[in-house]
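K.L.:
A single structure is presented below for examination.
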Amino acid sequence: MRWQTKLFLDKVKDLIPAHEFLRRTKRVMFGFHPDRMRDIGAIQEGVKQIGWVGSAIELRSARLVEIGSGWQPVLPLLYSLAGTREFVMTDLKRLCHPQALAATLNSLVLNRSHFFEQLAFPESALARLQRPTAGEPMEETLRRFSITYRAPCDFRSTAYPDGSVDAVVSRAVLEHIPPEILRGIFQEAKRILRPGGIMCHFVDNSDHFGHADTSIPLIHFLKYSNRAFSWLQSGSLYQNRLRHSQYSEMLQAAGFRIEREERIVDPKALLALESSPVAPEFRGFSKEDLAAMDSCFLAVNPDVGAPKPATG
């Protein structure tokens, strides 16, 4: 599908007053059909993130909170299988539903080769991924995995006590949050994290329209000024266009110390920059920063009294 068509359809959906009702009706009538390749990608990134987080804290005694869990709780279920004591899913509005949860459990069974060996799970762990029994409430199914779901939840004001959380995580979420809101989320995360607690975020920095429309490069949206790009946004697919260095600066400004970071530069995006102009807002960035399509961050909430992290 061409990106212009996708944008038009998204904007039409934004105008439909009963969009949420129609979506629920569609779900009841036709069920939920996951994308297998997308699920595999989520599993692979989940395995990588668990490795990062597990190297910094002890999962079996940890309380983790996720920003923006979305439709399918792939990440929470993987953390649960890895032995996490407690995992809290959050969403600004309720997205996960029983059909999506059942589909996710089934997807993990079908795609177990992508995580069982890497995380050294015993084959007996598959029994935990059984489909929920008929009529079992979604909350009860999640409880079997030591998972709770909070939605609606504005992560700028979680109401958690100070220092009550061991880790805050996200995957493919931060790029959909406006910068001013993201700053508030980082401030709240620092408040609820214990000293020495961590944040781990995996971010997709690409133009999401380029995932389906291969006629445009993944840095396509960088050609537009902020004003022009505001007309190309939709409520259902907002993108902030922040680059890797900007996330790094925001984390440090919020008081975190970056323990580990990875910037994955896409060769095709780098090549596209040779012929594709960028808007004035992006001309001060290095080509590698602009072409970094994936970013991974592991940031630590410093101990009380520790020196402030260096900036720049």
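The values are calculated or read from the model by the stated rules, or taken from the named source; none is laboratory data. Given the structure is predicted, the values throughout are model-derived calculations rather than measurements. Note: ideal-geometry Cβ built from the backbone for every residue, glycine included; neighbour counts use all protein chains shown. All accessible areas refer to the heavy atoms of the entire protein, side chains included, with ligands and DNA or RNA removed. Shrake-Rupley method; radii C 1.70, N 1.55, O 1.52, S 1.80 Å.
K.L.:
Taking the condition in contact with a helix residue (DSSP H, G or I) (Cβ under 7 Å, 6 or more places away or on another chain) and crowded, with 22+ Cβ neighbours inside 10 Å, does His220 pass?
P.N.:
Judged against the criteria, His220 is not a match.
K.L.:
Moving on to the next point. Please list, ordered by residue number, the helices (runs of 4 or more DSSP H) wholly in the range 91-205 having 2 or more residues that are touching a strand residue (DSSP E or B) at 6+ places or on another chain (Cβ under 8 Å) and either aliphatic (A, V, I, L, M) or open to solvent by 10 Å² or more (accessible area, probe 1.4 Å) (or both).
P.N.:
Answer list for the range 91-205: 138-143, 179-192.
K.L.:
Next up: Only one of Ala189, Ala212 is over 30 Å from Trp3 (Cβ atoms) and among the aliphatic types (A, V, I, L, M). Can you tell me which?
P.N.:
When all the criteria are applied, what remains is Ala189.
K.L.:
A follow-up question, please. Tell me, which residue of the range 58-90 that is among the hydroxyl-bearing types (Ser, Thr, Tyr) and part of a helix (DSSP H, G or I) is most open to solvent (accessible area, probe 1.4 Å)?
P.N.:
Ser61
K.L.:
Residues that are more than 30 Å from Val53 (Cβ to Cβ): list the helices (runs of 4 or more DSSP H) wholly contained in the range 218-312 that include at least 2 such residues.
P.N.:
So the answer is 226-230, 267-272.
K.L.:
Say we look at the range 254-288 and pick out the residues that are among the acidic types (Asp, Glu) and surrounded by fewer than 17 Cβ atoms within 10 Å (Cβ to Cβ); which of these is farthest from the chain's Cα centre (by Cα)?
P.N.:
Glu274
K.L.:
Going residue by residue through the range 34-48, is there one that turns out to be at pLDDT below 80 and open to solvent by 20 Å² or more (accessible area, probe 1.4 Å)?
P.N.:
Among the residues of the range 34-48, at least one is at pLDDT below 80 and open to solvent by 20 Å² or more (accessible area, probe 1.4 Å), which makes the answer yes.
One line per residue, one yes/no per condition, for (1) out of contact with any Pro (no Cβ under 6 Å at 6 or more places or on another chain); (2) closer than 19 Å to Arg60 by Cβ; (3) among the β-branched types (Val, Ile, Thr); (4) free of Cβ contacts under 8 Å to residues at least 60 places away in the same chain:
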| position | (1), (2), (3), (4) |
| --- | --- |
| Phe87 | no, yes, no, no |
| Lys93 | no, no, no, yes |
| Gln99 | yes, no, no, no |
| Phe116 | yes, yes, no, yes |
| Ala120 | yes, yes, no, yes |
| Thr148 | yes, yes, yes, no |
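K.L.:
Looking at Arg227, is it open to solvent by 20 Å² or more (accessible area, probe 1.4 Å), under 27 Å from Leu15 (Cα atoms) and over 21 Å from the mean Cα position of the chain (by Cα)?
P.N.:
Yes.
K.L.:
Right, here's the next one. Of the conditions (1) in contact (Cβ under 8 Å) with a residue 40 or more places away in the chain; (2) over 24 Å from Arg171 (Cβ atoms); (3) open to solvent by 30 Å² or more (accessible area, probe 1.4 Å), Leu237 clears all except one; give me its number.
P.N.:
Going through (1) in contact (Cβ under 8 Å) with a residue 40 or more places away in the chain; (2) over 24 Å from Arg171 (Cβ atoms); (3) open to solvent by 30 Å² or more (accessible area, probe 1.4 Å) one by one, Leu237 breaks only (2).
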